[in-house]
Amino acid sequence: MEKTGGEPGGVLGDNISRSKSLFETVNSSHQYTIKGYSLAKGMGPGKYMTSDMFTVGGYQWAVYFYPDGKNPEDNSLYVSVFIALASEGTDVRALFELTLLDQSGKGKHKIHSHFDRALESGPYTLKYRGSMWGYKRFYRRTSLETSDYLKDDCLVMNCTVGVVRNRLETPRQFSIPVPPPDMGSSLRELLKFGIGSDIVFVVGDETFKAHKLILAARSPVFKAQFFGLIGNPNVDKIIVEDVEPPVFKAMLIFMYSDELPDVVELTGSISMCTSINMVQHLLAAADRYGLERLKLLCEGKLCQEITADTVAPTLTLAEQHQCAHLKSVCLKFTAARENLGVVLQTEGFEYLEQSCPSLLYDILATVAADEDSTHASRRRSSSSYLGLTLMDGVDSSGRRTRRRF
């Protein structure tokens, strides 16, 4: 191999590779409570009780408590406590901590810990299932029974296990920047230039080229029209009525890009009125072709743009196309005391009366509901006045005229 650095033991050249072995512990704790300690005494040396098993580092563990000690030679002078490997494992290396809690509140706990101190022989190794670490003479029993560790015949111990893990770290050799998804823009290019198109829509005095498969994938109406039982897969031209060209174009753009198109870009107008009108017609088209996501996007847009001039036609639209949330928002806006009188005088409200007279009762119900939430003493008189205002109009001379339902 060609030498790339200096003398042996010196600094190597830039083509050196590196890696790192990292040792760390996966730690978790378990609290084990022994209630009725005095009844546990007399089990005999070597007899134990055990905690529920708990998991640390992918292995199960348990606490073993010997009330008469583990070692018969100690003649029950000591209690013994051990932590045992309770699942299958070979040469599991771990650190341990056993804490007997001081229940007097003084914080003088009895702690035996491997953590935060140097170990001459390193972490403890448990060879197989059932291997234990702990203390045969954990505490002299007579001292324990007169200590603050025992309260109301109850002992509490915390057990912490830290399983040793090692992993190899290697530096990233390179990173490749990945651009954001561009499927929508790619499909939009197909629509824009008509590449591979197999269907033409005639909308007013404009034509739009599109692709049957894409339209069928996006709209159940087009799917049935092109590939349904009574559909015609060979059709190559469709005349669309009752939809304006900019609206149909906006709908196609959404179907290809899954994004609400820029109304200003499509209409060339920055007028708020034009924008709202466009979204209203787009909602109707979305409902006609089964585009639920587009319909909801339009609903949300219209909810944000409600004014006294637009609320009546928007409410009519919501009723005609089953937009429950949009309808609710419009009703609450209209029923507001500061809005109702203004809305009644708009052209949109006259259209609402003619096209959806049932909405007048919905408005009255919303007004009544709002009034019910105000002071009880004002409810009767205010509701009567607002109901009269809604059902009556005002002519150009200021005289009240009765509205007919």
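The values are calculated or read from the model by the stated rules, or taken from the named source; none is laboratory data. Quantities reported herein were computed from a predicted structural model and do not represent experimental measurements. Neighbour counts run over all protein chains shown; Cβ positions are idealised from the backbone, glycine included.
Scan segment 121-180 for residues that are out of contact with any Lys or Arg (no Cβ under 9 Å at 6 or more places or on another chain), farther than 24 Å from residue 54 by Cα, of a type in the set (D, E, K, R) and in a loop (DSSP other than H, G, I, E, B) and the total you get is 1. If you check 257, 275, 219 for being among the polar types (S, T, N, Q) and at pLDDT below 90, only one passes: 275. Taking every residue in segment 354-367 that is in a helix (DSSP H, G or I) and pairing it with any residue that is modelled with pLDDT of 90 or more and of a type in the set (Asp, Glu), at least 6 positions away or on another chain, the pairs with Cβ-Cβ distances below 6 Å are 359/319. The requirement of being touching a residue at least 60 places away in the same chain (Cβ under 8 Å) and among the small types (Gly, Ala, Ser) is fulfilled somewhere in segment 81-104, by at least one residue. Taking the numbered list (1) among the charged types (D, E, K, R); (2) in contact with a Ser or Thr (Cβ under 7 Å, 6 or more places away or on another chain); (3) closer than 19 Å to residue 282 by Cβ in turn, residue 332 passes all entries but (3). Residue 52 meets all of the listed conditions (1) in contact (Cβ under 8 Å) with a residue 24 or more places away in the chain; (2) under 50 Å from the mean Cα position of the chain (by Cα) but one, namely (1). Taken over segment 301-346, the criterion of being under 31 Å from the mean Cα position of the chain (by Cα) and among the small types (Gly, Ala, Ser) is satisfied by 318, 324, 328. Within segment 141-158, identify whether any single residue is within 38 Å of the chain's Cα centre (by Cα), over 30 Å from residue 248 (Cβ atoms) and assigned by TED's automatic domain parsing to the domain that holds residue 67, and answer yes or no. Yes, the conditions are met somewhere in segment 141-158.
Listed conditions (1) crowded, with 18+ Cβ neighbours inside 10 Å; (2) among the polar types (S, T, N, Q); (3) over 25 Å from residue 370 (Cα atoms) are all met by residue 274, apart from (1). Of all residues in segment 90-99, at least one satisfies being crowded, with 16+ Cβ neighbours inside 10 Å, acidic (Asp, Glu) and part of a strand (DSSP E or B). Taking the numbered list (1) touching a strand residue (DSSP E or B) at 6+ places or on another chain (Cβ under 7 Å); (2) farther than 16 Å from residue 249 by Cβ in turn, residue 183 passes all entries but (1).
So if I check each of 104, 87, which one is under 24 Å from residue 23 (Cβ atoms), out of contact with any Leu (no Cβ under 7 Å at 6 or more places or on another chain), surrounded by fewer than 18 Cβ atoms within 10 Å (Cβ to Cβ) and of a type in the set (Gly, Ala, Ser)? Break it down stepwise before answering.
Numbers: 104 fails: under 24 Å from residue 23 (Cβ atoms).
Only one candidate qualifies: 87.
Checked against (1) among the acidic types (Asp, Glu); (2) touching a residue at least 24 places away in the same chain (Cβ under 8 Å); (3) surrounded by fewer than 17 Cβ atoms within 10 Å (Cβ to Cβ), residue 120 passes all but a single condition, namely (2). Criterion first (out of contact with any Lys or Arg (no Cβ under 9 Å at 6 or more places or on another chain), small (Gly, Ala, Ser) and under 27 Å from residue 201 (Cβ atoms)) does residue 335 satisfy it? No; evaluated as a whole, the condition is false for this residue.
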